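Data block below; observations after.
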Amino acid sequence: MATPTARTKTANASDAEATKAHKTRPTRGTKDAPVLIVEELQPIKDAKAGRDFLEGKKLLVPVGMPLNTAMAAICLHHITAMAPGIPPTVTNAIRALAFLMEEVDTTAAIQNYHDGFNTELDNFTTELGQLVADARTKLDLQLEDMAQATTRITQTANDARTQPQSATNPQTINHTLTVTPEQPTYSQVLLQSPKELDPRMLARHNIRRRQVMLEGIEKESRFGKMGDTDMREEVNERLQELGGDKVRARAATKQRNGGVLLEMDSDYGAGWTRTQANIDKLCAAIGEQVTTKKRSYNLIAKFAPLTATLEHESFLDEVHEANNLDAGTISSMRWLKPLHRRTKGQVCGHIMLKVTDATEANRMIVLGIYVANKKITVEKCRVDPVRCLKCQGYNHFAKECIAKSDTCGHCGDQGHRTSNCTNTTKVRCISCNTDDHPSYFRECPTFLKKAADKNNITPENNLPFIQTEEAWTWNNKIDDRKRTPNYNPDHQQAPAIVYQQGNQKARYQQRQEYQDNQHTHNEEGYQQVWGEAATNPPFDSDS
């Protein structure tokens with residue numbers, strides 16, 4: 001762009017040329033004739049030269065700004081004041097044009113403001129109408145729900161008012177079994193909200209909700225060679241790139257099977273990882289073969305027929321189809337007792353199930369499951385105390401044992417493992433130092449004491465269900481439920497067991513007597529509560 005000095009010189013040169021071009025003395029014949037402008041002789045031939053001329057004469061300011069009608073009007077006013085020799089007609093014409101241009105600019109501005117205001121007003125009116133319509137729809141729905149709830153409450157009150165009258169009428173007596181008010185029904189027990197929960201159990205549940213298991217990380221990869229701290233920092237960098245600052249891992253712990261357990265530091269991060277697309281991106285960022293592993297829940301299916309062919313791969317598909325389960329809900333099935341320990345003539349056994357869905361696991365616990373065309377009961381597998389398979393002691397694993405040789409859990413001899421024992425006549429418990437039962441016996445007094453201690457530090461063992469977001473899964477009042485009801489507040493329960501002085505064998509016999517006595521009391525309570533209906537209880541005998 002030309003400098004002000006250059007513009008001034010250009011303007012002066014243009015004035016000189018214009019003066020020279022018109023320096024012709026008018027004659028009598030040409031005095032009143034119109035002046036002809038020869039374009040070739042004019043110094044201003046385009047808009048750029050015109051702008052330079054006006055800016056050089058300080059007629060068009062500010063310099064470089066786009067021209068509008070207001071600037072053009074001001075420029076015309078300056079032109080009329082440049083030279084006093086301009087004829088009045090020319091001056092008036094230029095001033096008239098300047099005033100007209102100012103009026104046009106003001107009118108256009110007012111029109112633009114008016115159009116913009118009308119447009120915004122129309123948009124506001126439309127949005128306000130939509131808001132009122134949505135509020136009216138939601139209000140109508142709420143009023144409808146309130147009306148339905150009022151109807152249900154009124155109907156319930158009427159039924160409760162007429163129930164005693166219908167019970168006294170012999171023609172309206174229902175021959176089905178009626179439960180006394182003192183006895184809670186099964187559905188009522190399930191729907192009861194938990195009253196007293198162990199804070200440790202709640203804390204562990206929240207931690208498990210925020211955990212994600214990764215598997216497929218190769219040991220020789222960069223992630224595989226990292227420690228827990230370095231791996232956590234590396235994972236957090238990947239999470240920040242994918243999910244932002246709110247998604248972070250609190251801990252990354254390597255597992256013995258080669259997997260990595262991630263614990264997110266917030267519920268927002270846990271929710272982010274529960275989206276399949278997000279977790280797939282994280283696995284791809286860590287490694288090509290990295291995948292997530294679902295948490296499994298151990299269940300025990302009791303008294304399954306031995307005709308079940310668990311060793312066949314197609315049998316698992318048959319179980320899924322028979323119980324309307326999605327593929328992969330049950331990841332594995334195996335017999336609890338090894339085949340070589342089965343007794344002669346045994347026809348049923350217990351099965352260990354691994355279920356990947358907590359909701360389906362709870363459904364199996366409530367309703368049971370069909371295996372080999374038989375409906376069997378299912379219970380949650382409790383966490384047992386740790387027993388060493390090398391020395392048969394408790395509270396440590398075999399790899400941490402300091403014993404010099406193996407001790408058999410069946411016969412009690414040293415020098416071989418339990419799995420390699422061939423003795424079929426001798427049994428011995430190392431913990432009790434008795435020959436009444438083997439070390440792995442589930443009714444071993446030492447095991448029962450250790451199991452009670454384990455239940456105290458693991459409150460989840462006292463709950464019959466897998467804990468989820470549903471309140472009824474936290475209920476602990478149906479842990480000792482039976483397939484036949486035995487609840488009666490007026491019935492005298494069996495006395496609590498009181499161990500007398502003696503050895504482990506005597507205490508074991510006392511416990512067996514207590515269990516038999518408890519069973520007798522339960523049967524008496526069953527007859528007392530249900531009376532004549534005992535022969536046909538309102539429960540499915542297979543459920």
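None of the figures in this text is laboratory data; all of them are computed from the coordinates on show. Because the structure is predicted, anything quoted here is derived from the model rather than measured. Here the Cβ is made from the backbone with ideal geometry for all residues, glycine too, and neighbour counts use every protein chain on show.
Points to keep in mind about this one:
- Rg(Cα) / (2.2 N^0.38 Å) computed for the stretch 297-380, rounded to two decimals: 1.02
- Those trypsin sites (Lys or Arg not before Pro) in the stretch 329-371 that DSSP places in a loop and that have at most 11 other beta carbons within 10 Å: Lys344
- For peptides 134-143, 445-454, sequence by mean Cβ density within 10 Å, most packed first: 445-454, 134-143
- Going from the residue with the fewest nearby Cβ atoms within 10 Å to the one with the most, Asp245, Asp436, Asp317 rank Asp245, Asp317, Asp436.
- For Gly349, nonlocal amide neighbours, meaning residues 5 or more places apart or on other chains whose placed amide H falls under 5 Å from its own, are Phe303, Ala304, Leu306.
- Cβ-defined net charge surrounding Lys450, 13 Å radius [Lys, Arg +1; Asp, Glu -1]: +2
- Segment Glu241-Ser221, length gained on full extension (0.36 nm per residue, minus Cα span): 5.1 nm
- Efficiency of FRET from Cβ geometry, Ile207 and Met352, R₀ 25 Å, rounded to 0.05: 0.50
- The simple spin-label model puts a point 7 Å past each Cα toward its Cβ; for Thr91 and Val63 those points are separated by 3.0 nm.
- Least to most buried among Phe99, Phe53, Phe315 (fewest other Cβ within 10 Å first): Phe99, Phe315, Phe53
- Using a Förster distance of 22 Å, the FRET efficiency for Gln255-Glu470 (Cβ separation, nearest 0.05): 0.15
- Cα pair distances of the stretch 244-365 binned at 5 Å [whole percent]: 2, 8, 14, 17, 14, 13, 11, 8, 6, 3, 2, 0, 0
- Here the gap between Ala70 and Arg152, fully extended at 0.36 nm per residue and compared with their Cα-Cα distance, gives a gain of 22.0 nm.
- Net length available on complete extension from Arg274 to Thr309 is 9.1 nm, with 0.36 nm assigned per residue and the Cα-Cα distance removed.
- In sequence order, the stretch 54-60 has phi-based couplings of 5, 5, x, 8, 6, 8, 10 Hz under the Karplus curve 6.51 cos²θ - 1.76 cosθ + 1.60, θ = phi - 60°, and Gly or Pro positions carry x.
- Using a Förster distance of 25 Å, the FRET efficiency for Arg295-Glu233 (Cβ separation, nearest 0.05): 0.50
- Ordering Val260, Val90, Val212 by the number of other Cβ atoms within 10 Å of each residue's own Cβ, fewest first, gives Val90, Val212, Val260.
- Label-point gap, in nm, between Lys374 and Cys401 - each point 7 angstrom along Cα→Cβ: 3.5 nm
- Once the convex hull of all Cα atoms in the stretch 199-293 is built, its volume per residue stands at 96 Å³.
- Residues of the stretch 347-380 with amide N under 15 Å of a point placed 7 Å along Cα→Cβ from Asn455: 380
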